[in-house]
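Here the structure is laid out as structure tokens; the discussion comes afterwards.
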Amino acid sequence: MRAMAPVKSALRTLELLEFFAAAKGPATVMDVCVSLGYPQSSGSMLLGTLEQQGYLHFDRDKRAYAPTVRMALMHAPMRLNAYSAELLRVVGRLNTSLRQTVVLGVRQGVHVRQLYSVQGDNPNPAHLPDGTLRPIGRSALGKVLLASLDEDEAARIIRAANAATTRASEKVSAMALMAELRQVREQGWAASFDYPVPDRASLSVLLPRLPGHPDMAMSLGLRKSVLRSRQQEFLAALSGATKELASAARKV
């Protein structure tokens, strides 16, 4: 049988993943193109696509790309550092001990990108595949990430998110959400109810910052009644998890 010619775009995507798996730090478009022999135009487009899909983070000040946790979690040799291993351990432990869905997400423009999740064994779980984009103003993940920004920036993103959708269900009251974000900053956590489906709830906290990487949040997905009856237990578990991850982040 005649060997099939490789699909160029697929081959370059794999080469890029291997490049960042071996890279010691962020890389510019020129770094990548020189190393892999790509034309600058196609290299730039491919890097931009991987950023849009949540696999790379683009530092606009340094004009450089770096792998996100989503890429790091794809395969053990590609993990950014010990922080990713600790993050996996913490997510797994929370999932096992609380028996609820655990989700990691980052802000991507006017959306939240679900990077990684482990499903709980609760009945009728609201499963969304990793990589899913959600409106930033609707989910607990989005709210806690918005609350990490100053008020002017958060308000700008909320306006842009409302303008970017034609679905009434995805639009939010900017005034009400800004008031909620002030409460989120004060209490250190955010919640959402009846989203993404009725009778579901989420409880989310901001994770410790990693230098050179976008803010990330962790969320528990569960039934409304379970959250209301065990909220303090869940908050204590999330608080303990963030303290463990803060220790790991200091070693990066």
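The values are calculated or read from the model by the stated rules, or taken from the named source; none is laboratory data. Quantities reported herein were computed from a predicted structural model and do not represent experimental measurements. Here Cβ is always computed from backbone atoms with ideal geometry, including for glycine, and neighbour counts include all displayed protein chains. Accessible surface is based on the protein model in full, side chains and every heavy atom, while ligands, DNA and RNA are left aside. Shrake-Rupley method; radii C 1.70, N 1.55, O 1.52, S 1.80 Å.
Determine which member of the set LEU227, LEU235, LEU203 is under 17 Å from VAL106 (Cα atoms), open to solvent by less than 30 Å² (accessible area, probe 1.4 Å), at pLDDT 90 or above and more than 14 Å from the chain's Cα centre (by Cα). Give the derivation first.
On the way: LEU227 fails: under 17 Å from VAL106 (Cα atoms); LEU235 fails: under 17 Å from VAL106 (Cα atoms).
Exactly one residue qualifies, and that residue is LEU203.
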Considering each residue of segment 181-196, count those that are open to solvent by 60 Å² or more (accessible area, probe 1.4 Å) and either under 12 Å from GLY137 (Cα atoms) or not charged (D, E, K, R) (or both), and give that number. 3
Being under 20 Å from MET71 (Cβ atoms), part of a helix (DSSP H, G or I) and modelled with pLDDT of 90 or more is the filter here; which residues of segment 1-30 pass it? VAL29
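Open to solvent by 40 Å² or more (accessible area, probe 1.4 Å) and either farther than 17 Å from ARG113 by Cα or outside any helix (DSSP H, G or I) (or both), is that true of ARG134?
Working: open to solvent by 40 Å² or more (accessible area, probe 1.4 Å): no; either farther than 17 Å from ARG113 by Cα or outside any helix (DSSP H, G or I) (or both): yes.
So ARG134 fails the test.
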Is it the case, given these coordinates, that ALA217 is of a type in the set (A, V, I, L, M), surrounded by 22 or more Cβ atoms within 10 Å (Cβ to Cβ) and under 14 Å from LYS143 (Cβ atoms)? yes
Starting from residues that are modelled with pLDDT of 85 or more and part of a loop (DSSP other than H, G, I, E, B), keep the ones in segment 110-131 and report whichever is farthest from the chain's Cα centre (by Cα). GLY120
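Which one is surrounded by the most Cβ atoms within 10 Å (Cβ to Cβ) among residues in segment 148-178 that are assigned to a loop (DSSP other than H, G, I, E, B) and among the β-branched types (Val, Ile, Thr)?
VAL172
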Name the residue that is least open to solvent (accessible area, probe 1.4 Å), counting only residues in segment 23-47 that are touching a Leu at 6+ places or on another chain (Cβ under 7 Å) and among the β-branched types (Val, Ile, Thr). VAL32
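Restricting attention to segment 62-73, which residues are modelled with pLDDT of 85 or more and either open to solvent by 30 Å² or more (accessible area, probe 1.4 Å) or touching a Ser or Thr at 6+ places or on another chain (Cβ under 6 Å) (or both)?
Restricting attention to segment 62-73, the residues satisfying the condition of being modelled with pLDDT of 85 or more are 62-66.
Correct list: LYS62, ARG63, ALA64.
Which one is farthest from ASP199 (Cα to Cα), of the residues in segment 218-240 that are among the hydrophobic types (A, V, I, L, M, F, W, C) and in a strand (DSSP E or B)? Before you say what the answer is, go through the steps one by one.
Here is the first cut: in segment 218-240, the residues among the hydrophobic types (A, V, I, L, M, F, W, C) are 218, 220, 222, 226-227, 234-238.
Those left that are additionally in a strand (DSSP E or B): 218, 220, 222.
Details: MET218: 20, LEU220: 14, LEU222: 9 Å.
It comes out as MET218.
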Some residue of segment 74-93 being open to solvent by less than 30 Å² (accessible area, probe 1.4 Å), touching a Pro at 6+ places or on another chain (Cβ under 9 Å), modelled with pLDDT of 85 or more and not basic (Lys, Arg): no
